[in-house]
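**Student:** First, the structure itself, so that you have it in front of you.
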Ligand SMILES: *[C@@H]1O[C@H](CO)[C@@H](O)[C@H](O)[C@H]1NC(C)=O
């Protein structure tokens, strides 16, 4: 369990419904704390970035490379680069520092300072699998305390099928205020965004340690948890097609969202 809390571990239980028959309900079972129901899933994908020493030793996650120019009120673009995804495993089996001398795990870095080509260097990984169809998705994350970044752990199928956990470090600066996690679903323009956007206060500060962020996606609903505590549930905008997972960390200086640039 200590390993879970210190590493960036993602459990994705995707299932193909026709494989789950009454004759053989084989697979992995999750328990919904909210509705007290159990679900059976056929597949598991688990990644232990606490001990991964070579990014090519695994095929489940791909570092992403792309850039987009500044849009809207953002003064800068974004540039997802290979070098901003940094492996920082523990030197041995246990401990509290990775080989870099910082918190262990996969580092998704946002580069400080004014970018040279107009786009802020940022980090992103996404699953090679794009066939995840329902599941319980979990990541152990320690967020940055540096003002001016956005981070996300999300399921993506299309702009009309997306389930997000989003972090804005600007919301974690005032010790007198509860830190809000942003729970966001994208389901297309016909669904009111009021129903799909939920800032939710956490009982801890995301930069103070590793915490488990989780969303369960079933045909009926999406349920969010942090450290096993229920946060929010919705039956509106539930995606109906398979997709993949992404983890990223970025900034574009937009005062209305990431703010920044980070120092
Ligand atoms: C993005 O980063 C790459 C790698 O560091 C660099 O070669 C490229 O010029 C950058 N592009 C922009 C638009 O910043």
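**Student:** Conditions first: (1) surrounded by 15 or more Cβ atoms within 10 Å (Cβ to Cβ); (2) farther than 24 Å from residue 130 by Cβ; (3) in contact with a strand residue (DSSP E or B) (Cβ under 9 Å, 6 or more places away or on another chain). Residue 204 passes all but one, so which condition is the exception?
**Tutor:** (1)
**Student:** Which ranges mark the strands (runs of 3 or more DSSP E) fully within segment 44-84 that have 1 or more residues being within 16 Å of the ligand (Cβ to nearest atom)?
**Tutor:** Working: elements: 45-48, 61-63, 66-68, 77-80.
Once the strands (runs of 3 or more DSSP E) in segment 44-84 are filtered for at least 1 residues that are within 16 Å of the ligand (Cβ to nearest atom), what remains is 61-63, 66-68, 77-80.
**Student:** What's the number of the only condition in (1) more than 23 Å from residue 29 (Cβ to Cβ); (2) at pLDDT 95 or above that residue 194 fails to meet?
**Tutor:** Evaluating residue 194 over (1) more than 23 Å from residue 29 (Cβ to Cβ); (2) at pLDDT 95 or above leaves (2) as the failure.
**Student:** Quickly run through segment 85-112 and pick out the residues that are touching a helix residue (DSSP H, G or I) at 6+ places or on another chain (Cβ under 8 Å), part of a strand (DSSP E or B) and within 14 Å of the ligand (Cβ to nearest atom).
**Tutor:** 85
**Student:** It is to be established whether one or more residues within segment 113-129 are more than 16 Å from the ligand (Cβ to nearest atom) and assigned to a loop (DSSP other than H, G, I, E, B).
**Tutor:** yes
**Student:** Further question: Across segment 28-50, what is the total count of residues that are surrounded by 14 or more Cβ atoms within 10 Å (Cβ to Cβ) and over 14 Å from residue 216 (Cα atoms)?
**Tutor:** Matching residues across segment 28-50 total 7.
**Student:** Could you tell me which residue of segment 130-140 is farthest from the ligand (Cβ to nearest atom), considering only residues that are over 21 Å from residue 82 (Cβ atoms) and assigned to a strand (DSSP E or B)?
**Tutor:** So, considering only residues that are over 21 Å from residue 82 (Cβ atoms) and assigned to a strand (DSSP E or B), the one farthest from the ligand (Cβ to nearest atom) is 136.
**Student:** Let me ask something additional. Of the residues that sit in segment 99-116 and are free of Cβ contacts under 8 Å to residues at least 24 places away in the same chain and in contact with a strand residue (DSSP E or B) (Cβ under 8 Å, 6 or more places away or on another chain), which one is surrounded by the most Cβ atoms within 10 Å (Cβ to Cβ)? Walk me through how you get there before you give the answer.
**Tutor:** If we filter segment 99-116 for residues that are free of Cβ contacts under 8 Å to residues at least 24 places away in the same chain, which is where we start, we get 99-102, 107, 116.
From what's left, in contact with a strand residue (DSSP E or B) (Cβ under 8 Å, 6 or more places away or on another chain): 99-100, 102, 107.
Numbers: 99: 12, 100: 12, 102: 11, 107: 20.
For segment 99-116, the residue satisfying everything is 107.
The values are calculated or read from the model by the stated rules, or taken from the named source; none is laboratory data. This structure is a prediction, so every number in the text was calculated from the model and none was measured. Cβ coordinates were reconstructed from backbone atoms using ideal geometry, including for glycine residues, and neighbour counts include every protein chain displayed.
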